[in-house]
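Visitor: Okay, handing you the structure first.
Every read-out reported here was derived from the displayed coordinates using simple, explicitly stated rules and does not represent laboratory data. Because the structure is predicted, anything quoted here is derived from the model rather than measured. Using ideal geometry, Cβ is built from the backbone for each residue, glycine included, and neighbour counts are taken over all protein chains shown.
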Amino acid sequence: MLIYTVRRLVSSLLVLLVASFIVFMFAAASYDPLKPLRSRNPPPTPQSLKLAAHQAHLDQPVLTRYWNWLRHMIGWDGSFPFLKLNFGNDVHNAPVAHNLGLRLEVTTRMIIGAIILAVILAVVLGVISGVRKDKAFDAVATVVTFILLALPTFWFAAVLKQFAININQHAGSLVFYTAGTQSFGAPPPSSFFSITGDQLQHMILPTVSLGLLTASGWIRYQRASVIDVLDSDYMRLARAKGVRNRTVIRRHGLRNALIPLVTVMAIDIGALFGGAIITEQVYDWHGMGEYLNTAIFNEDTYAVAGWVMVSAVFVVVFNLLADLIYAVLDPRIRLS
Amino acid sequence: MTSQQDSLQTALPPSASGEQPGEFAGASESQGKQAFKRFVRSPIPMVATVFFVLVVLTAFIAPYFYRWKFNRIDARKDAHGHYIALSLHPGQKGHPLGTDGTGFDLLAQMMRGTQRDVIIVVLATVIALIIGITIGALAGYFGTFMDNLLMRIVDVMLCVPVLVILIIVASNYPGLGAVGLGLLLGLFGWMGLSRLVRAQFLALREREFVEAAHAMGASNFRIIFRHLIPNALSTILVFSTLFAAVSIIAETSLTYLGYGVHPPDTSLGLLISKGVDAAQTRPWLFYYPGILILLLVLAVNLIGEGIRNAFDPRHNRVRD
């Protein structure tokens, strides 16, 4: 298990390293951070352009810039925190890492909420559908999941939002919050990890819209996994021994049927991230998506590169965790 | 298929092709033909197929006979002799689905949008299939070094969310349009398929019929194309339909974020992106194109499910 963990860890780090090189080269080659400056009227003097280029390290060779960027990102000078995660400064000379951290906190809130909702739905509906295959409940759940699977992300979010607005109008009061992460002027949460009731209320609609769409695929998968397990020989043996059907399903069936969902969750984390970007836009959340849009518009090399690295780390860490959890839950995987 | 392969296939024990003996009358038929017959006999996928074909045919043929063009504004003289663009409810003044705020006919735009989406999806799927099968086949068939190299490339590409890659690349080419978008979706959509094909090839290349083909002197190229890919057909077909469905949704997402199809051209994604702002005042602009996308994607997914069941009848068997 230790060897397996180390091997997966090393390969994940290598993947991130290669990705960082490609991402930085792409961002450096395609963006011109001086564009906002150049497009000013009256035009800036050549000296100030040169100074700005120097400040943005544009006068150095691109490999040197990559090396410096990488060095600051994973810098180690013995002081806490050991990983510096310094992505450089954006075009407005603000630290990318700090702003990204604030945005990531907003987006993560939506993603975690959506994951929790989707897992509950997937396990409950998937297991019931699988156990009662081809019965009425399964038929209804199948129709609903197929419709959810076919919904464009932002269209569904916008439909929910319209629905909530109509309810608000009929009720004459604010039942659902349809925009923003918190009310204007609301007191901020007491610490980074706590969350206020106001923020929770604002989370409902985005979480439901992202969570339902995510759940659709997971429910199908969980259902297939349950059907697979129920059809297996050890289940038949347990039933043949005379164990009650309910007990067989709980003891032998569910334990094995829930494992594969871990992998699907890890694979889908990228899609969730993408979905969150769009859902944010519909519900006016100032999260990662908005930051990326601004960064691309500003042709901001360091902001875009930092953004992509954060999302890549997010995806890689989730995949790593999923692989390790899977290896713990299912010992067969370690032998291969 | 050649007679050589036919004889090889029939020489296989029935269990090797994943089917039970005696379940089918025409046991000498190829797996593909049997699957096709099962597909045609299943009602829901056939309804979905007919619906999909009808919508696509309508989108491509009906514009020639329809009085409004997608890029023509319906502007008429008002009482003072000024031309004003008409913003109409569904059914008013010969516009069955109404017009948008500028005076474009919604039905004409929806047909144009469907055309563009079909082009995007077909392009994307074909490109993803070509790259995905090639990479997966090379990795799975030749193994070791090639496998390691290609799969690490896939790992790297998968470590950034696909939508983010698409956004960043698409934002570099502002005038992308439908064809460019299709290319892009295909170029960054093959990774899942290559993994699936690789896994299948790794299993298939150890089988007796591949060994037999080797012994008869068949080249690697021939073995891959004549023996392995036909056996991975169900995986490839199911992936194609799922990918087509995902591509339609990805097109709407990219267009919504402003990186896809731009006016004066239109796509279903652009229609609902514009419709979002009018959801309160002109709801038909928002709901009709959205429901069309929903039905199209639903149909494609149902077709995929039908193909999957047709190739794997055990999947459908009622549990005892």
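Visitor: Could you give me the percent of Cα pairs per 20 Å distance bin for chain B, shortest bin first, beginning at zero and ending with the bin that holds the maximum distance?
Guide: Using 20 Å bins, I get a P(r) of 27, 48, 22, 4, 0 for chain B.
Visitor: Another question, then. Testing the spin-label approximation: label points 7 Å from Cα along Cα→Cβ at A:Leu200 and A:Leu17. State their distance in nm.
Guide: 4.5 nm
Visitor: For the residues A:Trp67, A:Trp285, A:Trp155, what sequence is obtained by ranking on other C-beta atoms within 10 Å, fewest first?
Guide: A:Trp67, A:Trp285, A:Trp155
Visitor: Let me ask something else. Please give every one of the aspartates and glutamates within straight-line cross-link reach of A:Lys35, meaning a C-alpha to C-alpha distance under 16 Å, and leave out same-chain neighbours fewer than 8 residues apart.
Guide: A:Asp59, A:Asp90, A:Glu299, A:Asp300
Visitor: Then there's this: Using the Karplus equation 6.51 cos²θ - 1.76 cosθ + 1.60 (θ = phi - 60°), what ³J(HN,Hα) coupling, rounded to whole Hz, does each residue of the range B:134-140 give in order, writing x for Gly and Pro?
Guide: Coupling constants for the range B:134-140: 4, 5, x, 5, 4, 5, x Hz.
Visitor: Given contacts defined as C-alpha pairs under 8 Å and at least six residues apart, what's the relative contact order of the range A:1-141, whole-number percent?
Guide: Here the relative contact order equals 10 percent.
Visitor: Let's see if you can work this out: charge +1 on each Lys and Arg Cβ, -1 on each Asp and Glu Cβ, no other charges. What is the dipole magnitude of the range B:114-211 about its Cα centre, in debye to the nearest 20? If you can, show how the numbers build up before the last one.
Guide: Numbers: 6 positive and 6 negative charges, 35 e Å.
Here the range B:114-211 has a charge dipole of around 160 debye.
Visitor: Another question about this same structure. Taking only DSSP H segments of four or more residues, each worth -39500 (n - 2.57), what value at 222 nm results for chain B once the sum is divided by all its residues, to the nearest 500 deg cm²/dmol?
Guide: -21000 deg cm²/dmol
Visitor: Taking springs between alpha-carbon atoms closer than 10 angstrom, which of A:Trp69, A:Trp307, A:Trp218 fluctuates most in the Gaussian network model of chain A?
Guide: Evaluated over chain A, the most mobile residue of the options is A:Trp69.
Visitor: Name the aspartates and glutamates eligible as straight-distance cross-link partners of B:Lys93: C-alpha to C-alpha under 13 Å, and not fewer than 8 places from it in the same chain.
Guide: The reachable aspartates and glutamates, counting only those whose Cα sits under 13 Å from B:Lys93, are B:Asp74, B:Asp105.
Visitor: Tell me which aspartates and glutamates have Cα within less than 16 Å of A:Lys161's Cα, excluding those fewer than 8 residues away on the same chain?
Guide: A:Glu280, A:Asp284, B:Asp277
Visitor: Given the options B:Gly269, B:His227, B:Tyr256, identify the residue whose Cα lies farthest towards the positive end of the charge dipole of the range B:222-320 (+1 on Cβ of Lys, Arg; -1 on Cβ of Asp, Glu).
Guide: After comparing all options, I get B:His227.
Visitor: Pick from A:Pro152, A:Pro44, A:Pro260 the residue whose mean-square fluctuation is largest in a GNM of chain A, springs joining Cα atoms under 10 Å.
Guide: Residue with maximal mean-square fluctuation among A:Pro152, A:Pro44, A:Pro260: A:Pro44.
Visitor: Please identify, among B:His227, B:His89, B:His80, the residue showing maximal mean-square fluctuation in a Gaussian network model of chain B using a 10 angstrom Cα cutoff.
Guide: The residue with the greatest mean-square fluctuation here is B:His80.
Visitor: Now for a separate question. Hey, can you grab everything whose amide H is under 5 Å from the amide H of B:Phe104? Only 5+ residues off in sequence or another chain; H modelled, so Pro and N-termini drop out.
Guide: B:Asp74
Visitor: Also: Just going by the charge dipole of the range A:131-230, with Lys and Arg at +1 and Asp and Glu at -1 on Cβ, which of A:Val226, A:Ala186, A:Val208 is farthest out on the positive end?
Guide: Value computed over the given set: A:Val226.
Visitor: Need the C-alpha centroid separation for the range B:103-172 versus the range A:6-74, integer Å.
Guide: Rounded to whole Å, the Cα centres lie 27 Å apart.
Visitor: Taking the 0 to 90 degree range and rounding to the nearest ten, how far is the long axis of helix B:268-277 tilted relative to the main principal axis of chain B, both from C-alpha atoms?
Guide: For helix B:268-277, the angle is close to 40 degrees.
Visitor: Could you give the size of the charge dipole of the range A:133-292 about its Cα centre, using +1 on the Cβ of each K and R and -1 on the Cβ of each D and E, expressed in debye and rounded to the nearest 20?
Guide: 1160 debye
Visitor: Continuing with the same structure: Assigning unit charges at the beta carbon (Lys, Arg +1; Asp, Glu -1) and nothing else, what dipole magnitude in debye, to the nearest 20, does the protein assembly as shown show about its Cα centre?
Guide: The calculated dipole for the protein assembly as shown is roughly 1080 debye.
Visitor: A follow-up question, please. Just tell me, in residue order, which DSSP H segments of chain A are both 30 angstrom or longer along the helix axis (alpha-carbon based) and at least 0.5 in mean Kyte-Doolittle hydropathy.
Guide: The answer, listed by residue number, is A:2-30, A:96-131, A:259-282, A:301-329.
Visitor: Here's another thing I want to ask about it. Which ³J(HN,Hα) values in Hz, rounded to whole numbers, follow from the phi angles of the range B:223-234 under the Karplus curve 6.51 cos²θ - 1.76 cosθ + 1.60, where θ = phi - 60° and Gly and Pro get x?
Guide: Couplings: 4, 4, 7, 8, 10, 8, 4, x, 6, 9, 4, 5 Hz.
Visitor: Given an 8 Å cut-off on Cα distances and at least 6 residues of separation, report the relative contact order of chain A as a percent. Let's see the in-between values first.
Guide: Working: 369 pairs, mean separation 90.6, N = 336.
Computed value for chain A: 27 percent relative contact order.
Visitor: Now, a different point. For a quick check: sort B:Phe142, B:Phe243 by the number of other beta carbons within 10 angstrom, fewest at the front.
Guide: With the sparsest Cβ surroundings first, the list reads B:Phe142, B:Phe243.
Visitor: Among A:Gly253, A:Phe318, A:Trp285, pick out the residue whose Cα is farthest towards the positive end of the charge dipole of the range A:184-336, where Lys and Arg carry +1 and Asp and Glu carry -1 on C-beta, about the Cα centre.
Guide: A:Gly253
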